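Each remark here refers to the structure printed beneath this line.
The values are calculated or read from the model by the stated rules, or taken from the named source; none is laboratory data. On a predicted model such as this, the values are computed, not experimentally measured, just so you know. With ideal geometry, Cβ positions are generated from the backbone for all residues, glycine too; neighbour counts draw on all protein chains shown. Calculation scope for accessible area: heavy atoms of the full protein, side chains included, ligands and nucleic acids excluded. Shrake-Rupley method; radii C 1.70, N 1.55, O 1.52, S 1.80 Å.
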Amino acid sequence: MDSNGRKQQILDVLNKSNGISSIDGLCHRVFASRSTIRRDLIALEEEGIVKRSHGYVSVIEKSANESPIGMRRIENLDKKQIIAGKTAPLLKDGMVIFLDSSSTVCQLAPLLKLRHNITIITNGINIANELSNAQDLKCFLCPGVLKHKSLSIVGEFASSFIKNFNAELAIISCKAINTKGIFEGDDSQGLVKKSMIENANTTVLLCDNTKEEAGGFFKLTDFRDIDVLISNGQFSPELDELLEKNITKII
C-alpha cells in the first residue's frame, strides 16, 4: 500500500476512535511498522491534519472554514475518484474550462491530459502543477493572492481575470451542501468560484455525499445556478428531492 492509502487508513482509524489513538494502536490497526507509521504521521502533521504528543496522535478538529490541502487531498479519495470517472464524458476536445482549486476537481487532471486542444483557466496551483506536463493543453493560472493553506489564488485580481474568458464548462466543488444551498468555507475562495459560474455556459458541481454533513459559512450559490451535479451516491431524501427539482441533470 502506498503512503496516501496508509494516511487514509490512519485517518479512518482516528475518526473511529473519537479522533485520538496511540501510535502502537495505529501500527496494529494499519498493519505497518512503527517507523512507517511515524513517517506518515510526520507528513500528516506537517500538512496540519494531525498532532503528535507523547506516544499518541490526534486529529486537528475541522471547522466550517477551509481545510488544509493535505487533508483534502487524501480525505474521501475513493469517492473523489468515482466522481472524476463520472465527469469524464463531459470533457471534450477543444473545450475551454474553468477549474477551481479543490482536491475533487484535481482528480480530473489525468483525464484532461487525454484530451486535445483543451484550454484550462484555474485558480489552483495544485491543478496547474498536475497539468504542467500536458502537451496538448493550455493552462491559464489566475493572478492574485496566494492562500498557502489551499494552494489557491484568490482576491479581486483572480475574479477580474476570470471575467476575460467565456468557458463552456465551470467545474467546481464545495465545502458543504444542505437544503439551504451550496456553501464554501472561505469567502475569498467563494467569490472566485462565483466568477467562474457567471462566466461559463454550463456549471458542473462535483460533490460527494459526505458534504451534506459538513459546514460552510459562505453561501456560494443556490441550486438553480447548477446545471449538472455529479456525486458518488445519494444524499438525504429531503435534499435529494430539492436537488431533483432544481438541477437539470444529476449523475
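Filtered by the rule that a residue be open to solvent by less than 30 Å² (accessible area, probe 1.4 Å) and either in contact with a Lys or Arg (Cβ under 7 Å, 6 or more places away or on another chain) or part of a strand (DSSP E or B) (or both), region 212-248 gives 216, 220, 221, 228, 229, 230.
Inclusion of residue 145 among residues that are in contact (Cβ under 8 Å) with a residue 12 or more places away in the chain, over 18 Å from residue 103 (Cα atoms) and either open to solvent by less than 60 Å² (accessible area, probe 1.4 Å) or of a type in the set (Val, Ile, Thr) (or both) is warranted. Taken over region 11-42, the criterion of being of a type outside the set (Asp, Glu) and touching a Gly at 6+ places or on another chain (Cβ under 8 Å) is satisfied by 13, 17, 22, 23. When both residues are 6+ apart or on different chains and their Cβ atoms are under 8 Å apart, which pairs have a first residue that lies in region 10-32 and is within 18 Å of residue 53 (Cβ to Cβ), and a second that is acidic (Asp, Glu) and surrounded by 15 or more Cβ atoms within 10 Å (Cβ to Cβ)? These pairs meet every condition: 10/40; 11/75. Out of 85, 55, 94, one residue alone is in contact with a strand residue (DSSP E or B) (Cβ under 8 Å, 6 or more places away or on another chain), modelled with pLDDT of 90 or more, exposed (fewer than 15 other Cβ atoms within 10 Å of the Cβ) and not β-branched (Val, Ile, Thr). It is 94. Every test in (1) within 18 Å of the chain's Cα centre (by Cα); (2) crowded, with 18+ Cβ neighbours inside 10 Å is passed by residue 251 save one, and that test is (2). Among residues of region 148-167 being open to solvent by 70 Å² or more (accessible area, probe 1.4 Å) and more than 14 Å from the chain's Cα centre (by Cα), the one that is nearest to residue 95 (Cα to Cα) is 166. The lone criterion from (1) on the phi < 0 side of the Ramachandran plot; (2) at pLDDT below 90 left unmet by residue 48 is number (1).
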